[in-house]
1. I want to confirm something. Restricting to the range 64-83 and keeping residues that are in a loop (DSSP other than H, G, I, E, B) and polar (S, T, N, Q), which single residue is nearest to K2 (Cα to Cα)?
2. May I ask you to list the residues in the range 4-63 that are of a type in the set (D, E) and outside any helix (DSSP H, G or I)?
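Derivation of every value follows stated rules applied to the coordinates shown; laboratory data play no part. Quick caveat: nothing in here was measured; it's all calculated off a predicted structure.
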Amino acid sequence: MKIEGIIFGIYAVFLGVVAAVYWILIDEKTETAGVVALFMTMGLGALIGGYLLFTARRIEPRPQDLPDAEVADGAGELGNFSPRSYWPFFIALGLFVTMLGSILGIWLGVIGGLLTFGSVIGLVFEQYINRFSPEDS
């Protein structure tokens, strides 16, 4: 995590330099939103980089963080992923309908939000279908 923190730190410093140069070169009477956006993005990069560097000091190093690590050091279970799931498609469809609702009307946005919420619930509980049925006990 230390490498990722350093990358975000470099990103924040770069955006700070760009924001300062942009602030000097623009006309303050016409354009200030770009300067604010650049400084806020710099702050977000610094926030993420600081969190990653702070967390990297408190946890055991991952195999990716060790300079002498082997490929076999990172072997093992990474998680349980469903091989064939249609739920991500329905989540994307729900988000599309929600964004379309911002153009066509709030009623369509509400329908899309409900579709997205139901699809996320379906994705989360997909692995638990029939797991706790009465026949198993």
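1. If we filter the range 64-83 for residues that are in a loop (DSSP other than H, G, I, E, B), which is where we start, we get 66-70, 75-83.
Now narrow it down to the ones that are polar (S, T, N, Q): 80, 82.
Details: N80: 26, S82: 31 Å.
Going through the qualifying residues, I end up with N80.
2. Initially, the range 4-63 is screened for residues of a type in the set (D, E), giving 4, 27-28, 31, 60.
Across the range 4-63, the qualifying residues are D27, E28, E31, E60.
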